[in-house]
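Here the structure is laid out as structure tokens; the discussion comes afterwards.
The values are calculated or read from the model by the stated rules, or taken from the named source; none is laboratory data. Please read all numbers here as calculations on a predicted model, not as lab measurements. Glycine gets a Cβ as well: all are built from the backbone with ideal geometry, and neighbour counts include every protein chain shown.
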Amino acid sequence: MSFKVRIVQAERTIEVATGATILSSALDAGISYPFGCQSGNCGACKSHLVKGEVTMEGYSEFALSDEEKDRGLILACRAVPWEDSEVAWLEEDDLIVHPRRLLDCEVVALDDATHDIKRIRLKIASGGPFDFSAGQFASVTFEGCPPRDYSMANVPDDPILEFHVRRTTDGATSTHVAEKLEVGHHVRVEGPFGPSYLRETHRGPIIAVAGGSGMAPIKSVVERALQQALPQHIYFYFGVRSERDLYLHDHFARLAETHKNLHFIPVLSEGDSEERRLGLVHEAVAEDFDEFDGCKAYLAGPPVMVEAATKLFEQRGMRRVDIHADAFYTAAEMASAGKKTGAEL
């Protein structure tokens, strides 16, 4: 048994099997539906339920508030239809859709960014060109491993793709990268995906917050903003546990010296350093800003950090549409949420 669901922007009607979600069925049908975590935590697939009835599987209140639900909004990744329905995803004036590519890539460089993060550089061997917007991610498949989602750390016009992979406990893909991946190996890359990309027409202040390997998409966002000579102030907060978890510090310190509109603020949650800001990274932002009128925020990293920062920004007046969040989930977290494939931190 199945139900018919019309997707307004795609101008298509798809069949959704009993118990399946609207998002999974749309993606299976080749529709470029906006999405992020696919587990009800980021809000990227938030949509209007134009007509019909759905049930919602578990989701985070940060992704969909009660007030939004009362207004008829749903999360397509958690919405299971129980009758023929119609949905329309939320749109922005600057929505960008890039062609989805399947690339064969070769590892051309591999180094240790930190004690547990590998920085991988890939040359596109076939399947290009690969166009994306700064802040987006791709599905990456290493030989013998399940696909995992990783954000591009390079700027869009760079011919070499860069990914940051943090080793996680029992993470099959991250363990493979840490122990077996070598220069010359081939890697499959599919994408781009994700709505949390740099809005290049925006001219208000940018607040970028990264935690751990969330550095990758934020690096792309910040470097792209500088490359395009965006005139506004850019505040980049990088939160890590301890000094040994910091990476690319010198790189961004140099950029801040040459670009007076860039402010780079590393924050350590542990330790007693006299040279660094201490505490949780979103608390450092709270200390520096009373309100966020006219700002856009770009967030990437552990879900607890992303949720805390999102809550802070909303409490101080930032519109949800101006918060572009990419929560990084481990494979275990994604599995527990019922996601078929997932990102590793």
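Observations on the model:
- Extreme residue, surrounded by the fewest Cβ atoms within 10 Å (Cβ to Cβ), among residues of the range 159-202 that are hydrophobic (A, V, I, L, M, F, W, C) and under 14 Å from Ile117 (Cβ atoms): Ala178
- Hey, Leu246 farther than 27 Å from His98 by Cβ, of a type in the set (A, V, I, L, M, F, W, C), in contact with a Gly (Cβ under 8 Å, 6 or more places away or on another chain) and surrounded by fewer than 21 Cβ atoms within 10 Å (Cβ to Cβ) or not: no
- Hits in the range 211-245 (condition: of a type in the set (S, T, N, Q) and under 17 Å from Glu257 (Cβ atoms)): Gln227
- Annotation note: Cβ proximity below 9 Å between a residue of the range 200-216 that is in the same structural domain as Asp116 (by TED's automatic domain parsing) and part of a helix (DSSP H, G or I) and a residue that is surrounded by fewer than 24 Cβ atoms within 10 Å (Cβ to Cβ) and modelled with pLDDT of 95 or more (sequence gap 6+ or interchain) occurs for no pair.
- Check on Val189, aliphatic (A, V, I, L, M), assigned to a strand (DSSP E or B) and farther than 26 Å from Arg319 by Cα: yes
- Scan of the range 109-132 for residues that are at pLDDT 95 or above, farther than 25 Å from Ala172 by Cβ and among the small types (Gly, Ala, Ser), ordered by number: Ser126
This table checks each residue for (1) surrounded by fewer than 17 Cβ atoms within 10 Å (Cβ to Cβ); (2) in contact (Cβ under 8 Å) with a residue 24 or more places away in the chain; (3) at negative phi.
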{"position": "Glu83", "(1), (2), (3)": "yes, yes, yes"}
{"position": "Pro99", "(1), (2), (3)": "yes, yes, yes"}
{"position": "Asp112", "(1), (2), (3)": "yes, no, yes"}
{"position": "Lys118", "(1), (2), (3)": "no, yes, yes"}
{"position": "Pro129", "(1), (2), (3)": "yes, yes, yes"}
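- Of the strands (runs of 3 or more DSSP E) that lie entirely inside the range 231-345, those containing 2 or more residues that are at pLDDT 90 or above span 234-240, 262-268, 296-301.
- If you check Val281, Val183, Val240 for being touching a Phe, Trp or Tyr at 6+ places or on another chain (Cβ under 6 Å) and not polar (S, T, N, Q), only one passes: Val281.
- In the set Arg244, Arg254, only one residue is farther than 25 Å from Arg199 by Cα and either of a type in the set (Lys, Arg) or more than 23 Å from the chain's Cα centre (by Cα) (or both); that residue is Arg244.
- Failed item in (1) out of contact with any helix residue (DSSP H, G or I) (no Cβ under 8 Å at 6 or more places or on another chain); (2) crowded, with 20+ Cβ neighbours inside 10 Å; (3) under 28 Å from Pro302 (Cβ atoms); (4) hydroxyl-bearing (Ser, Thr, Tyr), with Ser65 passing the rest: (2)
- Residue within the range 20-32 that is part of a helix (DSSP H, G or I), over 21 Å from the mean Cα position of the chain (by Cα), outside the structural domain of Arg320 (by TED's automatic domain parsing) and surrounded by 14 or more Cβ atoms within 10 Å (Cβ to Cβ) present: yes
- Failed item, numbered, when His48 is tested on (1) under 27 Å from Ala138 (Cβ atoms); (2) in a strand (DSSP E or B): (1)
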